[in-house]
1. Mind listing the phi-derived Karplus ³J(HN,Hα) values for the range 124-136, rounded to whole Hz, using 6.51, -1.76 and 1.60 with θ = phi - 60°, and x for any glycine or proline?
2. Please list 3J(HN,Hα) in residue order for the range 139-156, calculated via the Karplus relation 6.51 cos²θ - 1.76 cosθ + 1.60 where θ = phi - 60°; whole Hz, with x for glycine and proline.
3. Just to confirm a number: summing +1 for Lys and Arg and -1 for Asp and Glu over residues other than Leu14 whose beta-carbon lies under 15 angstrom from that of Leu14, what do you get?
4. Can you list the residues, at least 5 places off or on another chain, whose amide H is less than 5 Å from the amide H of Ala44, using H built in the peptide plane?
5. Have a look at Thr128, Thr248, Thr219 and tell me which one the Gaussian network model of the chain (Cα, springs below 10 Å) gives the largest fluctuation.
6. Please check: in the Gaussian network model of the chain (C-alpha springs, under 10 Å), which one of Met83, Met141, Met176 has the largest mean-square fluctuation.
7. Report, by chain and number, residues whose modeled amide H sits under 5 Å from the one on Leu252, excluding near sequence neighbours (fewer than 5 apart, same chain).
8. By how many nm would the segment from Ala78 to Ser245 lengthen if fully extended, with 0.36 nm per residue of separation less the alpha-carbon distance?
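None of the figures in this text is laboratory data; all of them are computed from the coordinates on show. All values reported here derive from a predicted model rather than from experimental measurement. Every residue, glycine among them, receives a Cβ derived from its backbone with ideal geometry; neighbour counts consider all protein chains shown.
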Amino acid sequence: MTEANTSVPIYPDLHGKVALVTGGSRGIGAATCLALARCGARVAVNGRARAAVDDTVAAIRSMGGEALAAVADCSDLAAVERMRVAIEEDLGAPELVLAFAGGGSGRPAPLADITEEDWRSSLDNNLTSTFFTLKSFLPAMIARGSGSIVTMASAGGRVASGAPAGYGAAKAGVIMLTRHAANELGQHGIRVNCISPSAVLTERTAQRMPLEQQQRILTAFPLGRLGHPDDIASAALFLLSASASWITGITLDVAGGRVMT
């Protein structure tokens, strides 16, 4: 379970706002949930695994924050709709939506060897889940005339790399979906931005990537280190806050200099 880092800045304007973080039970999502709670936001924590969601909710409550467990598969529109109703009944309609649900699907493979199952899984878990989240939670934001959304891409969607092709294609799709949404929703007072991390050392990543492998890839990062979940959480808070009130439609590469565009 990721612990709150007091180096993450606090944005007072987020206090009291309702936030939904999909994929909020582990890693980057959990760190962002904790960071939002430290700002005084009321956080709906989404994930597929009840135990992991409950751990993040318990961590928020132990800090004196308010949190709701929102277990759902975001690649299932009916499940997202049920989650939306439950959040609105308990906390109210979210003013802040962070569509972070996603993840890799399988190891890199030649295009001709990628299975239909792996391809569809990559798109469903990363791109379709983002679309369903926006589709479900946008009507209340439009009716209110305000809101801030942050989506989650990846360096794998910015440059051809060692990521599976389906994952890269899905994350590139998230970037373009973000731009379309920002262009459409600005008239309703809604900002939509995207974060694109590179190698972030979550608990899961650390298990898959031995220390010597971590050391080998550091040369790809001008800043000389891998990312931490709090690096991404800090960027997310900024994009959500009033400090970014004239920023929409961007993709912010929080990648230690690995991606420069």
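1. 5, 5, 10, 8, 5, 4, 5, 4, 4, 5, 5, 4, 6
2. x, 5, 5, 4, 4, 6, x, 6, x, 9, 10, 10, 9, 10, 9, 5, 4, x
3. Residues near Leu14 contribute +1 overall.
4. Ala19, Leu20, Val21, Leu68
5. Sorting by GNM fluctuation, first place goes to Thr219.
6. So, out of Met83, Met141, Met176, the one fluctuating most is Met176.
7. Residues meeting the amide H criterion: Cys194, Ile195, Ser196.
8. Length difference between fully extended and current span is 56.9 nm.
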